[in-house]
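Below: one structure, written as structure tokens.
The values are calculated or read from the model by the stated rules, or taken from the named source; none is laboratory data. All of these numbers come straight from a predicted model, not from anything done at the bench. Methodologically, a virtual Cβ is constructed for each residue, glycine included, from the backbone with ideal geometry; neighbour enumeration extends over all protein chains shown. Side chains included, ligands, DNA and RNA excluded: accessible areas come from the protein's heavy atoms. Shrake-Rupley method; radii C 1.70, N 1.55, O 1.52, S 1.80 Å.
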Amino acid sequence: MAWLLNVPCKKINKHGYNLEDGSIVSVVVEIATDGRVHKRQYGRLPLVGRFSDWQQCLGFAVRIEWMTSTGLKCHYVQKHCDRFEHGNIPSSYLETSSLVAAFKGNAYNCTTDWRKHFTYTPFRVVKLSFDNLSRTLKVEQLVSFPNVQEPTLVSTAQIGDILRSKGLVVSKGKPANFRQQTNSTQRFRCDSCIADNDPCKWDKTDEPTMSCNYCSQWGRPCTWSPDVPKKGWRHPAALYVSKPPMHYNVFDAPPRTYQRLDAQGLIVSTDEYANSGEGTEEEEEEESDEGSE
């Protein structure tokens, strides 16, 4: 299966960078192995999700590097739009989950048809371990795991418990008398719909449900946090139930670490290994999904 990266060249080039169709770039993949969330995660997923490997997806990032007149630059590529496939599965999760598995050398023992049709062949990946004391970089071939159990589904009730533990207000059905603490006006949309600019429609049923139509697609209950501004994606609650904003930052690329290998696969000498996730920013720029999809 081919992997297509969509790079926002126009957004990048407005700051003076010559990046266009046909430009030669290097693609670098970053995967957190300690459960950390990458500041510029590839899938732009909310912090709480409906599958057991969601946390791994939050630590997956992709950057491109290219040469400019002022040196080597890099940009983190992110998914812009989302669509729901195979029974309300976010396409950003589908792609990110499949890529994480492929780069970790895993092949899921799939029981669901939709995951079978969205699976990459495991890539050949090596692990680079930098020793600060000896200033050497060890290269190891990662072991692949061809029969890993596919991620399991997290229920809406379990997600509700997680959101409550984070301090969010979960209510069954739309609260009839919910008012913002700031201006005492009637509120008609949940946290997620304010943040992602959705109309917050509900199916007409006699029994109140936990989710509006939009949150139901994501497999989570609606939350109704107080003091959510019009631009809800800037509210702390939005981190858990909405997509983070797009970033169009350009960084100075980290030092190159590729040097001559000896017979044992060790790099004799190298520059200091750097994590580009916190590089030097030319300009901080972010954009919500309000009116963009």
Please work out which residue is nearest to Gln158 (Cα to Cα), limiting yourself to region 171-210 and to residues that are of a type in the set (Asp, Glu) and at pLDDT below 70.
Glu207
Go through region 124-141 and give me each residue that's at pLDDT 75 or above, surrounded by 13 or more Cβ atoms within 10 Å (Cβ to Cβ) and at negative phi.
Phe130, Thr136, Leu137, Lys138, Val139
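Do we find a residue being assigned to a loop (DSSP other than H, G, I, E, B) and either farther than 30 Å from Ser216 by Cα or among the aliphatic types (A, V, I, L, M) (or both) anywhere in region 83-103? Write out each step before concluding.
Within region 83-103, the first condition is being assigned to a loop (DSSP other than H, G, I, E, B), and the residues that meet it are 83, 86-88.
Next, from what is left, pick out any that are either farther than 30 Å from Ser216 by Cα or among the aliphatic types (A, V, I, L, M) (or both): none.
The answer is no, given that none of the residues of region 83-103 is assigned to a loop (DSSP other than H, G, I, E, B) and either farther than 30 Å from Ser216 by Cα or among the aliphatic types (A, V, I, L, M) (or both).
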List every residue pair whose Cβ atoms lie under 7 Å apart, where the two residues are 6 or more positions apart in sequence or sit on different chains, the first residue falls within region 20-40 and is of a type in the set (Gly, Ala, Ser), and the second residue, located anywhere, is at pLDDT 85 or above and open to solvent by 60 Å² or more (accessible area, probe 1.4 Å).
Gly35/Gln55
Name the residues in region 1-36 that are part of a loop (DSSP other than H, G, I, E, B) and surrounded by 15 or more Cβ atoms within 10 Å (Cβ to Cβ), would you?
Val7, Pro8, Tyr17, Leu19, Val25, Ala32
Can you tell me which residue within region 39-88, out of those that are open to solvent by less than 10 Å² (accessible area, probe 1.4 Å) and of a type in the set (A, V, I, L, M), is farthest from the chain's Cα centre (by Cα)?
Ile64
